[in-house]
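Contents: one structure, followed by commentary.
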Amino acid sequence: MKTLIIGGGFSGMAAAIALRRDNHEVDLVEIDPGWRSYGAGISLGGATLRALRELGVLDAFLEQGYAGDGVDIHLPTGQLLATLPTPRLAGPDVPGGGAIMRPVLARIFADATRAAGAGVRLGCTFSAVSQDRDGVDVSFDDGSSRRYDLVIGADGLYSQVRQSLFPDAPKPRYMGQAVWRAVLPRAAEVTHAMMWVGPKLKAGVNPVSKEEMYLFVTEDRAANDHVDPGDFPALLSGLLATFPAPLVQQLREQVGRPDARIVYRPLEGLLMPRPWHAGRVLLVGDAVHATTPHLASGACIGIEDALVIADELRRSGDVKEAFDAFEARRWERCRMVVENSARLCDIEITGGDKQEHANIMRDSLIALAQPI
Ligand SMILES: Cc1cc2nc3c(=O)[nH]c(=O)nc-3n(C[C@H](O)[C@H](O)[C@H](O)COP(=O)(O)OP(=O)(O)OC[C@H]3O[C@@H](n4cnc5c(N)ncnc54)[C@H](O)[C@@H]3O)c2cc1C
């Protein structure tokens, strides 16, 4: 089949790699001429590592990122409350979680996309899509056009494909919380994910390589206001001041480093009701299920989408049948991730019930461990 993928994020690139394995002819268009990914860490759970293994990029992740078992949960003072187990879903030889710098993971995926033989066009997007019973005609903004058997819209939270197919779809929603992230030298004792949970603020660290780790802090913010990047170090340091744990205080002293690469990101979410397709055009990833990062599973479910649509197209060969089967397999898992993450976000914003928070974390991790 001839497939067009619109959007070269993790979901789109995973779809390109998965479909090329089945000999689909794949074009991928990415609007950003530099195919950039911003410089923060990304945490990957066991289910994500399992998906990376299936895509054939796990070894590259293990070489260039960092994998570890368990998540330590502490009080703000540093006292250890519990260690959440992270089952080894990618195999007994692979730890149950990990992290990597986003641009490094994006490069691994981009290299695999090109190596798989997808035709990648950067700085390019669609200008018009029209379809009939047998195919989809797509015009591009470089003046070219081509007919495809199916189109996959993987163009993220502000998806233009979603907008053109489903103009009445819900819009992304600001969730009332923002995340700060910074990259620091890895402290020797940080060998896996660690968190410090305050009444409303939460801080955490996760190694992204042997040398570096990323630090994150979630902050409740009623309004999605502009924050001046010049103020980032002082604001982040102020938030960390509320965690007396010695390790956090040690890190606080380092956030003013010129190489700390602080990123501030207000959180938004979106869960589009089914259907996720119109005719021969299917939406995947953040375009239909953008989650807050409370379960560190947004990239995971987008990459899994790619594996499942490839699987269903292999099974059926009929586009409509495959899209229906895809949605039936994906809806409940993606809904669970988006809604449970949003609930965790609400509990943190309101300083709500910590036991409910812990229960949701545990139940979600059990659900994520299920086969897809
Ligand atoms: C603060 C934060 C922290 C997160 N942390 C984690 C984490 O630790 N673990 C995790 O698993 N997930 C995390 N996530 C979620 C994860 O980043 C996303 O779920 C994932 O990146 C979605 O991938 P995607 O490919 O669907 O969309 P995107 O990453 O948004 O990619 C869409 C791509 O499409 C391109 N594009 C856009 N419009 C067009 C167009 N019209 N034509 C062509 N191309 C277009 C864009 O340039 C982009 O390359 C986090 C999210 C946030 C906001």
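Values in this text are rule-based calculations from the coordinates and carry no lab data. Small disclaimer: the values here were computed from a predicted structure and weren't measured. Positions of Cβ are backbone-derived with ideal geometry, glycine not excepted, and every protein chain shown enters the neighbour counts.
P(r) tail for segment 188-300: Cα pairs beyond 22 Å make up 46% of the total. Sparsely packed loop sites in segment 81-135 (the trypsin sites (Lys or Arg not before Pro) outside DSSP H, G, I, E and B with at most 16 other Cβ atoms within 10 Å) comprise Arg133.
I want to check a number: in the chain, how many lysine pairs have alpha carbons closer than 29 Å, given a sequence separation of 8 or more or different chains?
On the way: Lys2/Lys320; Lys171/Lys200; Lys171/Lys202; Lys171/Lys320; Lys200/Lys354; Lys202/Lys210; Lys202/Lys354.
Close lysine pairs under the 29 Å cut-off: 7.
Starting from one equal scatterer on each C-alpha and no solvent at all, send me the Debye-based log10 I(q)/I(0) for the chain at q = 0.07, 0.08 Å⁻¹, two decimals. Log10 I(q)/I(0), no solvent term: -0.30, -0.40.
Among Ser297, Ser11, rank each residue by its count of other Cβ atoms within 10 Å, from fewest to most, as a rough exposure measure. Provide the component values of the computation, followed by the final result.
Working: Ser297 26, Ser11 31.
Starting with the residue having the fewest Cβ neighbours, the order is Ser297, Ser11.
Here the relative contact order of the chain, from alpha carbon pairs under 8 Å that lie six or more residues apart, stands at 21 percent. The Rg/Rh ratio for segment 100-224, using Cα coordinates for both the radius of gyration and the Kirkwood hydrodynamic radius, is 1.11. Evaluate the Kirkwood expression for the hydrodynamic radius of segment 255-372, namely the inverse of the mean inverse distance over all pairs of different C-alpha atoms, and round to one decimal in Å. This gives a value of 15.8 Å. Take every pair of alpha-carbon atoms less than 8 Å apart whose residues are at least six positions apart; their mean separation over the length of segment 175-267 yields a relative contact order of 40 percent. Ordering Ala178, Gly198, Leu235 by Cα displacement along the dipole of segment 175-267 toward the positive end leaves Gly198 in first place; charges were set at the Cβ atoms of Lys, Arg (+1) and Asp, Glu (-1). Computed per residue of the chain from DSSP H runs no shorter than four, each worth -39500 (n - 2.57), the mean residue ellipticity at 222 nm is -11000 deg cm²/dmol.
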